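Notes follow the structure.
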Amino acid sequence: MCFSTSLRKKPEELEKRFGAEVQDQIEFTPYHHLNGFTHGNLYIIPMDSPDEILPAMWGYVPPFGMDDPDGFLKQYNTLNARSETVFTSNTFKHSIHDKRCLIIADGLFEPHFHNNISYPYFCHYFDDALFAFAGIYSELDEDLYSCTILTMPANEQFEFIHNQKKRQPLVLDEHWENDWLSPDLHELGIKELMKVGFTTKEIEAYPVSRDLYKRGIDTNNSIAIDRVDYPELQTLF
């Protein structure tokens, strides 16, 4: 699962990294912590506009939910899509063939449980570089997109971090980003890429403030990424 992300870079940094232009730069707002359940905007590069970086509401809305997107999102959690079932899911199968996207971020948050207490972990590249999740999207109208992040079974590192559900978001290796957007990628190729496309770059993960789980606290600042050394977790490293 991946229900929170960070994107702290400036628009020009996104443009340089991905070779695409940020649309509506005046509206672009970097963030330290975005809770997916607020259905705020992530920034995507869609298949049909690979030279553009566009805002997309986090929470995929399928064709059958477009008459009432708010009602659909109140009833269904579509922040993530399981890579193992995305081709058969009535919710997501409409987009996996021709509505794939890159979802840009520079960090993500996962829960780690110890003695039935959840601790948020911040995960990012050691050099804090930008990366892209594999995602799919839908077009609600001409200028409004929705999206979801694909997830997969956890590797050894994420099995330790996300030690209950044992899932991880599909952070694409940079080598596979253009392939993910290719209209020529067939079903077998998509399935294979989802299996082998996870980044080979080393990820740093460490616990941060449990205030991220509290209501009424502004977590869209450095509190979200500042390391907290909990004594009860020290023996786990």
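Read-outs throughout are calculated quantities, based only on the coordinates presented, and are distinct from any laboratory measurement. Quantities reported herein were computed from a predicted structural model and do not represent experimental measurements. Here Cβ is always computed from backbone atoms with ideal geometry, including for glycine, and neighbour counts include all displayed protein chains.
Take the Cα pairs of region 15-115, get the Kirkwood Rh, then feed it into Stokes-Einstein at 20 °C and 1.002 mPa s and tell me D in µm²/s.
It diffuses with D of about 140 µm²/s by this estimate.
Neighbouring Cβ atoms within 10 Å as the yardstick, rank THR219, THR5 fewest first.
Ordered from fewest to most neighbouring Cβ atoms within 10 Å, THR219, THR5 come out as THR219, THR5.
Given the alpha-carbon gyration tensor of region 98-237, what are the semi-axes of its equivalent ellipsoid in whole angstrom, ordered largest first, with each equal to the square root of 5 times an eigenvalue?
They are 30, 18, 13 Å, listed from largest to smallest.
Are there any chymotrypsin sites (Phe, Trp or Tyr not before Pro) in region 87-127 that are in a DSSP loop and have at most 11 other Cβ atoms within 10 Å? List them by number.
Here the sparse-neighbourhood loop sites are PHE126.
May I ask for the net charge around PHE198, where only other residues with Cβ less than 15 Å from the Cβ of PHE198 are counted and Lys, Arg are +1 while Asp, Glu are -1?
-4
Between region 8-40 and region 200-221, how far is it from one alpha carbon centroid to the other, in angstrom?
Rounded to whole Å, the Cα centres lie 18 Å apart.
Pairs LYS165/LYS191; LYS16/LYS201; LYS9/LYS93; LYS10/LYS93; LYS10/LYS74; LYS74/LYS214: which exceed 24 Å Cα-Cα?
Violating the 24 Å limit, Cα to Cα: LYS9/LYS93; LYS10/LYS93; LYS10/LYS74.
Can you sort LYS214, LYS99, LYS191 so the residue with the fewest Cβ neighbours within 10 Å comes first?
Result, fewest neighbours first: LYS214, LYS191, LYS99.
Loop only by DSSP, 15 or fewer other Cβ within 10 Å of the Cβ. Give me the GluC sites (Glu not before Pro) in region 1-92 that pass, ordered by residue number.
GLU84
So what are the three principal axis dimensions of the chain from its Cα atoms, in whole Å, longest to shortest?
Sorted from largest, the Cα extents of the chain read 50, 40, 38 Å.
Just to confirm a number: summing +1 for Lys and Arg and -1 for Asp and Glu over residues other than ASP51 whose beta-carbon lies under 14 angstrom from that of ASP51, what do you get?
Net charge around ASP51: -3.
What does the charge add up to near VAL61, with Lys and Arg as +1, Asp and Glu as -1, over the other residues with Cβ less than 13 Å from its Cβ?
-3
Going by how many other Cβ atoms sit within 10 Å of their own, how do PHE158, PHE28 line up, fewest first?
PHE28, PHE158
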